[in-house]
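These notes are about the structure you will find just below.
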Amino acid sequence: MSTPFVGMIAGMALAFAGWFGGFGAFLLVAALGGLGWAVGRWFERGGTVQDVRDVFERNRR
């Protein structure tokens, strides 16, 4: 999928959330979309699940 197409789908999801769910739903969809984008970019650049486990293990000590 091309980047403009993905952007269009994200915009449509935000529009539907705003129309049917109100402003709170709009913000929730925007926040979760941003989080999904960040995780996707991290995995795309070579991040692994083991990296996440290591971060949580260091915080427990």
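The values are calculated or read from the model by the stated rules, or taken from the named source; none is laboratory data. Please read all numbers here as calculations on a predicted model, not as lab measurements. When we count neighbours, we look across all protein chains shown, and the Cβ atoms used for this are built from the backbone with ideal geometry, even at glycine. Side chains are part of the model used for accessible areas, which takes the heavy atoms of the whole protein and leaves out ligands, DNA and RNA. Shrake-Rupley method; radii C 1.70, N 1.55, O 1.52, S 1.80 Å.
Quick look at the numbers
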read-out: Pair list, Cβ < 8 Å and 6+ apart or interchain, from the stretch 31-48 residues that are of a type outside the set (Phe, Trp, Tyr) to residues that are open to solvent by less than 60 Å² (accessible area, probe 1.4 Å); value: GLY33/ALA10; GLY33/ALA13; GLY33/LEU14
read-out: Cβ pairs under 9 Å, 6+ apart, first in the stretch 1-24 and under 17 Å from GLY36 (Cα atoms) and among the acidic types (Asp, Glu), second assigned to a helix (DSSP H, G or I) and modelled with pLDDT of 85 or more; value: none
read-out: Test: residue in the stretch 34-47 that is open to solvent by 60 Å² or more (accessible area, probe 1.4 Å), at pLDDT 85 or above and in a helix (DSSP H, G or I); value: no
